[in-house]
Every structure is written in structure tokens, then in C-alpha cells.
Amino acid sequence: MQIDEQINRVADWVRYPLPAAFSRDAEEESTKLWRTVRAATDASGSRVLAAQLTAAKTVLGQFHHRRYRFRRRPIDLAKAIICLSQVADDHQRIPPDLTPVVGRFADRRTQVEVGTSLLDGFEPELVEAGILLVAAHAAGSPELRRVLFLAYLRRYQDSRAPADLEHGIELGDRVIATTDDAEIIEALARAYLDRYALHTHLDDLERARELLHDVPSARGALGVAYRLLYDHTGIDNHLDRAIDFCESTHLAIALARRFERDATLPDLDRAWTLVVPPVDVESAADIVALLLLRYRHRGDRSSLDRAVTLAKDTLAELPDHHPRLHGLHLALAAALHQRYLGGGAEADLHQAVKNATWAHRSRPANNTAPDSGAVLAEIHLTRYARNGVGADLDAAARLTTDAAVSARIHHARYLATQDRAEIDRAVELGDQAVRTTRAGRASLPDRQAQLALHLRIRDAEGDLAMATALAEGAVAATGTDHVDLPDRRAVLADAYLARFRADPDAAHLAEAVSASERAWELVRADPQHPRRIRRAGELARCLLEAARIDAPVPADTVRALADEVFLAPSASPHDQVAAQHAVGELLLAIGEPDLAVPVLDAAIRLLPSLPPREADWADRLGTQSGLVQAAVAARCAVADPAGAVTVAELGRGVLLAAEAGIRVDLSQLRSARSQLADRFEWVCERLNTPDFPTSERKRWWRDYDELLAEIRDLPGFGDFLAEPAERSLRPEAGTAVLVSAHRRGGHAVLVRSDAEPVVVDLPDLVDVEARVAAMLNVVQGNSLAMQMRRRPVLLDTLAWLWDAVVGPVISALPSTRVWWVPTGVLGLLPLHAAGHPGEQGALDLVVSSYTPSLRVLRAARSRPPAAERRVLAVAMPQDLATAAEEVKSLRGTTLVDTAATGDAVLAAMGKATWAHFACHAITDPVSPAAGGLVLHDRDVLLPEIGGLHLPDAELAYLSACSTANHGTRHADEVLHLASAFHLAGFRHVIATLWPLHDTTGATAAHAFYDRLPDSPTAPDAATTLRHVTRELRDSDPQRPDRWAALIHSGP
């Protein structure tokens, strides 16, 4: 409704007979106009608006004056005065009987009488009108100054307008110069405390304390002043005085402060008894903090729920812009965060982020407010620990400079990047946090435990001994009821376990097992404890070390742990997988493979849920190294090779499988339900589009799951995008060989189209990590020493591979066509080239290909072959001297040097069916998703390549460095350039396991294309590459670095 219409409506009620002015309609319409007038401002200078506001105030003033004359209600008089005083320049607007009260003909005595009588009321309008009338006459009257001083303070409590507080303090200082009235002095002191709450100026606190010392009846307020002085200055004497003077709730807060300082539990217990509802707004945030202390140190869960309720209820009562909003939002965030840590409800964690974010954005501009940045950073760290999304870690790093929190951030960054500087910085900051925390502080044990973790991870000389000493101190200083005691015992166990692994002293292992058992027992009785399964996994890892040195391991404990890992659905998926992996390994070590199978299978099935699908590729890489190998070993131990194939498929290439799930052929679905197919395709296109915000991608994945369920309900579509069954993964011809290594030997599973899978035991397939590390060291190193060692190390590696893997496998093969499916770091080894010098080896006896997974192989076979050969050749001769020579014979689109920009190459790939790249490539051993092709203007990374959808793509030849190297850290993700090109749609990919000499690379490429038929398809790509590799070998058999790196991937 426009203001003119509102004015006319109220003007009508002024003209109507008096009783009508008290009708419901009159009340509603006058209230609307009142709100409009109060909210409006004519600061814009608009004459039209100024005239409208003048008319509105005049009509409202006359309306309320008329009502006042009829029923004599003070509220109507107050509103009439407020409105008419603003238009009093025109005395004709003022009703005659209000002339002594409002306007230029007002009478001083009448104004004072009316004003003081209005100030006896409680409604805000009465106080405002009273101040209007009295303010003009207070200068010469001490009594009126006193009345006005108290009125300003009353209005501040309602309006929270800083100007009212400033006026009140100014008047109050003048009033106490002429009176020793205790009520006035205490009121002024409280006004100074209120101003301190707004601006945190120490002078205001000191002034409040000075005033309150002269008021014996204000001991409680004096205690509050001393407690605030302690919070501001950290001077211990202030806190002692606060405890002497404070009463009830404020004494509870002061005792809680002393508990935080001295860790004296009687103070905490006494403080708890002093908290009696209702809690006032000013104290609510501090009482929430007290309740959280009681929960953490006494294990009283009711205190935690009470803290959340108190914070929520108090926030619901506060108006916008209240000075306590910031503290209460922060308190609620801390309470919700703690409840999530204690109960695992994700809703609490998400709400904690919202409240802490609000608090941080609205934080006061002073340096004594609670560190909202540190609180929010800790919550982001918790969410990162649960979901693994790097954005949370980045947000945490931006938010705080607190040493203890920053140390945890650097610790997490080290785990993500393996950058040694990060863990060094974590230790430095953690040490700073411990050294700057006074002995006896309640926060010291937590900081000691955190520093112990940093030192254990860094593992420099002396770090492990210091870590155990710090962890021992943290445990000793932690009360038996403290909710963090299990965590601190776990830190102690971890430190001793690390010492045992570094120096196999059985005493260290015994300490680790003892501390871990006690940590588990502390949480075992609580079925809802979110870290119960984590403690079980840690104990399993300790017992696994005992089993490996043939120390006795209690069978009943192991079985209890096996049961335990299925009983914590509220635990994070990461904790569940880690614990199930540890328990499964333990069961294998003590000879219980039948029990290990379901435990390890459960972990494998959870792997896709570890990182959220809406995250970036780099955040979705798995970290459970060795899990697939353990699951395969367990299945082979119970004579279930088909199950071994299934778990290997489910546990490897998780990211690739998820991405492939949004690149599905919908032709059959479209024939059955075209609209459903269109909806599913639309969602898949969104998910396949890079740079969508995380929140959007999360929503699309939810839609994807709902549509997938709807599709599977259709007749004949029950297995649409279902988990792969072993039979569906069998190759059409030849043999796929799954190769997996475990601690006590490996296995190969031969998968054929015409028979059940067969296991070949590989007892000599041990110490694989050491072999791989030695090989990578020489093929990637450029020093003269590495070059001299390269030939003997590679020859030894090929001979070992023949003896340990390839020889036994070939002896069991029914045909000469092989697809190698190596798990873990075995994927970095040249299985296709295994053999002893001068003897027949793999290159002579079989045609080898590799595949990231059997699903990828199946998908490559199912795609229709290319109908024409459209070639894209990309060369960077500025980087590789032979690059131009390598591509000049290829007929098609050629992008060289400056023409080979990232965007140009990606666009050209969309039109090509064959692609050749003669350029440098980058690999990232920590995060394979950061690898890619080095082009003229930028690097084209794996997610960009894998994000392409090229249904006609046939062959990609990647004549670049290490394009099939997936690194060691995320080996089972099988993520490298070759797999990214498969994901984009290429059926065949030629890649390299390590960098090739430029001349060798050019020679191999020419020979490959010369031998390959000039047709749209490349069915003989593997056979052709084998011939090329044998020719290179025969020309220089002692230099496997020049011929063993090239591999074929595809059908």
C-alpha cells in the first residue's frame, strides 16, 4: 500500500465518530502508518517524500491525540507527542490542548510534568516521548539530569542504539558529580560495562570498577567487572577478585575461567551447581561455554544438549543487531561442533558451519572478541576430516592465525600433499602453542597430544621419543571422565607403535597395545560413540604388528574387533573403511581368511562413499593403500577367484568408475522410456560439466541417484549401471590377468571367456614397494649416477618380474593374448617386457596390453569402431627437438608450438578420431589428477581430458613422458593420462611407463604408424606395438630403458 493511501485511511478514522478510532481496522491501519513513518527517512532530499512524511506525522499525531482525549491512555499521548513534535514548526498542526506540551508555545513546567509522568511507564514510546519533553530542560536541573540519565539507559536497553548509551554516560558523569546516590553510581557503572561490551575499550572497564568500588551493594557487578578485566588483560589477580565478589551465575562463569586456568575440577563442579535457570542474555554465551567444559571434562552428555538448547533459545529471543548475537552464534557453533564430535550427526556439523560463519562475518572490530576465525577453522577442519574436500582445508587456512589450530591445518596439508615443509611448520606451530600455554592450563594436554601427532608424522631424529613423552604427559593430565581421554590414549598408542616400527623393541609394542586397548575400552560401552570404530581399527593395527612378529594375539579380542567394525553406522565412511581394512589384515595375519572376507568386502564397498562425488578429482582420490590387495588375498585364500576379480574391480579406479557412470549408452532406455532417458542424460551432462559449484553438483548427484533408482525399477533394467559381476567382465577372447601382491606373496587370477577364473599363486611376489622404488629412482633420475645404475636395475627388474610373476602366469595361459590388470604399484612395472637377457620372455611369447580395469576394457570393446580416420597431431618442438619430425608424416590437423594452445587442442580433439601428442607431460605423484599435457600456453590436466565425450575416438598415441605412470600414493585409482584418454572415449591408447629418449620416441612412433594398416580402426595396435618394441630390444638388448616403457592399453 502506498503511503498516500495509508495517510488517507488514517485521516478517515480521525473524521469518524470517536468509538470508531478504537476499532480493529483503525488499530491495524494506524499501526501500519506508524511503522512506515518510523522506518522512513527524508535524508534523500526528496520534496515529495518530505511532504508525505509531514502529512503522515500530522495525521498520526491527530489520530492518537483524539484517542487520548477519549480514553486517556498514555501510549496514545506519547505517540501524539512523538509525531507532532516533528511537525511543530507549523503551530496550526498542533491541537489546542497540546499547545502547552508541544511546539513553540509549550510551557516548561507542563512539559516537565508530562515528560516525567511518561517516564514512569515502561513502553518504549512512553520513554521516547518523555525524553523529548525533558531533554530541553535538564541542563539547569540536577534532578532532571538524573531522570534523563536513567531514561537514556532504559531506552538503550530497548533500542540498543549506541547514541542513547553515549548520552546516558555523559549525563551520568555530570550527575554523580553532585550526588553519592548508590543507585545512580551503579547504573553509570553498568553503562560503562555496556559500552565495554560494544567497543572493548579497557578504559571503560577500569572506570566501571572504580565506580563500583564505592557501592557496597553492587558486589556482584564489581565481580563481573573484575572477570572482564581478567578476560581482557589475563592478570590472575583480577580473576581472584572476581571470584571474591561475583554471585550466582556470574560466580559460575568466574569459576569456569579459573578451571580453564588451573584445571581444578572442584571449580568446575561448583560452577555447575551455581547455574540456575533462567540464564540472562548477557551470560548465556559464557554458560554455554561452561556446559561444554562440563561435558568434556565430566562426560555429562546432558550438559552438551543443554548447551545447544540454551544457545538456540537465547538466540531466538534476541533482536537483530543485539551486541550479544555474535557471541551466541559462536557459542552455538562450538556446542554443535562438540555434539557432532560426540555423536556424529552431520546436521550438527553443517549447522555449526553456518553459525560460525555468521559469527565470523559479524565479528566486532576489536581484538578481544572470541576468536571466531579459530572456531570456524576448527569446524572446517572437522568437515575436511570427514569428507576430504580440499575447499574446507583452504577455508580453514584463511581463517585463523591461532598457533594450535594452524598447526593442525599444516598437518592436514602435509597428509594431502606430502610436502615436508608443511609438517615442519606444523611441528613449529604446535611447539609454539605448547610453550606459550602455562603449566596447569586445561588446554595444555590437548596441545601436547596434538604436538605428539605432528612429531610422530614428521619422524625426524628424536621426534618419536619426544612424541611418546608428550603423549604420556597429556594422558597423565587428563581426567578419567574427560571425553578426550580415549583420543589421547590413542595418540600415545600411535606414538609407541611408530617407535616400534622404527626400532623393533617389544616393550614399545606392548605399550602401544596396552594404550590402544584402554582407548578402545573407554568407548566400547557407548554404541553411538562416533570414534568407537576408529579406536577398534587402531587396536587392530597394533595387534597386527604383534602377529607379524609371532607374538600371541588373543583370538577373542580379534573376533570382538571383527564384530565391532560392523556396529558403528554413525562413524564417518573413512573411519569405517580404515578400521575394516585393519581388522581384515589382522584376520589374514592370524590365519582367519573366512572371517577376513566379509570385513574386507565391506570396506571395498564403502570406498566410493569416502570422498563426496561433488568434489574435484583431486579430492576424490582414495587413500586406503593395500586394501584391494588384502581383499584379493583373502578371496584367493578361500579359493574364490571370481570374488577376487569382483573386489578388485570395485576397489580400483573408483573415480574412473564414477565418471564412467555418467557416460552411458542410453539407446535401449530411450526406446523404452524416452522422457526418462532425456532427464537422465540432462543430469549426466551437468555432472560432466567442469567448474560447477559444489552445492550444485551435490544436487545433481542426488537427482542422478533418484533417476537411477527409477530406471532400475523398469522391467529389464534391473542391472542398469549395477556393480559388475565377474561373468560380465570376462574378455571376449584371450585372457585378462589380475595381478596382486600381498605381504606374504601374491596371486594372479586368470579370467577367460570360456572358463571359470583360475588362481596362480605367486609366492615370490614380495617386497614389491622396494622394487618399484628402486626402478622409479633410476628411470626418473637424471644424474650421472642414476644413468649408470639404470641399465642394471632395469635388467634385474625384468628378470625378477619373469621369475615372480610373468613366467608362472604364461605357463598357465591357454592363449598368447593377454590383458594385464595389475593392482597397486604393480601397475608401474613393465610386465609386458619381463624376461632374462638372451632368453625368451614376455615380448616373445604373448601379445600384451594393459587396462585400468576390466570395466574400462569392456567399455572400450562395446564402443562402435571409428568410421573414418581424422587425425590430430600436436607437437611442441620448442620442448622436444624431434617432435616436429615425429608428426610430419601424419595426415590431418596439425597444431605445432604456438598453435598448440590448451583451448585449441581440446576443441580439435572433439573432431578427431586419432590423436598423436609429441610433447612433454607432467605427473604429480601426490595428486595424479594434477597431471597433464604441457602445451604452449598452459597445462591441460587430466580432469579436462577425462571430461571430454568423444564417442568416435579410436586411438591416442601419447609420445610424452610417463603417460601411464599413476604414481605410488593413489596407485589403485589407476589415474594417469592413458586412463583419462580412455575415459574421454579412445578405444586404444599408446603410452609410456617412464620418460623415453627423444630419438627413441620418434623412432618408435614412425615404426608404429608404418606397420599399422591405413584404416579408420586400429584392431592390431597391440600386436604392432609388440613388433616395434621387439625391434628396439633386438637393436640394443642391454638398454631396456629405451624399449620397455611403451605399452598398449585397450581391446
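Structure notes:
- Inside segment 494-512, residues that are surrounded by fewer than 24 Cβ atoms within 10 Å (Cβ to Cβ), under 15 Å from VAL553 (Cβ atoms) and free of Cβ contacts under 8 Å to residues at least 40 places away in the same chain make up a count of 1.
- Screening GLU538 against (1) assigned to a helix (DSSP H, G or I); (2) more than 29 Å from the chain's Cα centre (by Cα); (3) under 30 Å from ASP348 (Cβ atoms) leaves a single unmet condition, (2).
- Residue in segment 15-29 that is of a type in the set (Gly, Ala, Ser) and not in a helix (DSSP H, G or I) present: yes
- Contact map, segment 1020-1049: residues that are closer than 12 Å to THR1000 by Cβ and in the same structural domain as ARG791 (by TED's automatic domain parsing) paired with residues that are surrounded by fewer than 22 Cβ atoms within 10 Å (Cβ to Cβ) and not small (Gly, Ala, Ser), Cβ distance under 7 Å, separation 6+ or inter-chain. No pairs are found.
- Positions within segment 734-768 being farther than 30 Å from ILE590 by Cα, assigned to a strand (DSSP E or B) and out of contact with any helix residue (DSSP H, G or I) (no Cβ under 8 Å at 6 or more places or on another chain), in sequence order: THR735, ARG752
- Which listed residue is touching a Leu at 6+ places or on another chain (Cβ under 7 Å) and part of a helix (DSSP H, G or I), from ALA884, ALA908, ALA873, ALA915: ALA908
- Helices (runs of 4 or more DSSP H) fully within segment 619-733 that include at least 3 residues being modelled with pLDDT under 80 and of a type outside the set (Gly, Ala, Ser): 654-660, 667-672, 674-687, 694-712.
- Residue selected from segment 84-101 under the condition closer than 15 Å to PHE63 by Cβ and of a type in the set (A, V, I, L, M), by the criterion surrounded by the fewest Cβ atoms within 10 Å (Cβ to Cβ): VAL87
- Options LEU801, LEU795, LEU813: the member that is crowded, with 23+ Cβ neighbours inside 10 Å, of a type outside the set (Asp, Glu) and over 15 Å from HIS1048 (Cα atoms): LEU801
- Yes/no for ALA189 being closer than 24 Å to HIS322 by Cα and either under 42 Å from the mean Cα position of the chain (by Cα) or surrounded by 22 or more Cβ atoms within 10 Å (Cβ to Cβ) (or both): yes
- Residue satisfying all of: in segment 842-882; among the hydrophobic types (A, V, I, L, M, F, W, C) and without any contact (Cβ under 8 Å) to a residue 60 or more places away in the chain; farthest from VAL737 (Cα to Cα) among these: ALA875
- Within segment 948-969, being surrounded by fewer than 24 Cβ atoms within 10 Å (Cβ to Cβ) and either at pLDDT below 80 or at positive phi (or both) holds for CYS961, GLY967, THR968, ARG969.
- Residues in segment 422-476 that are polar (S, T, N, Q) and farther than 27 Å from ARG261 by Cβ: THR468 alone.
- Selection status of PRO527, in a helix (DSSP H, G or I), over 18 Å from ILE590 (Cα atoms), in contact (Cβ under 8 Å) with a residue 12 or more places away in the chain and within 27 Å of the chain's Cα centre (by Cα): no
- Selection from segment 843-870 of residues that are of a type in the set (D, E, K, R) and either out of contact with any Leu (no Cβ under 9 Å at 6 or more places or on another chain) or closer than 20 Å to ALA1018 by Cβ (or both): ASP844, ARG858, ARG861, ARG863, GLU868, ARG869, ARG870
The values are calculated or read from the model by the stated rules, or taken from the named source; none is laboratory data. Note that the structure is a prediction, hence the values are computed from the model and not measured. Note: ideal-geometry Cβ built from the backbone for every residue, glycine included; neighbour counts use all protein chains shown.
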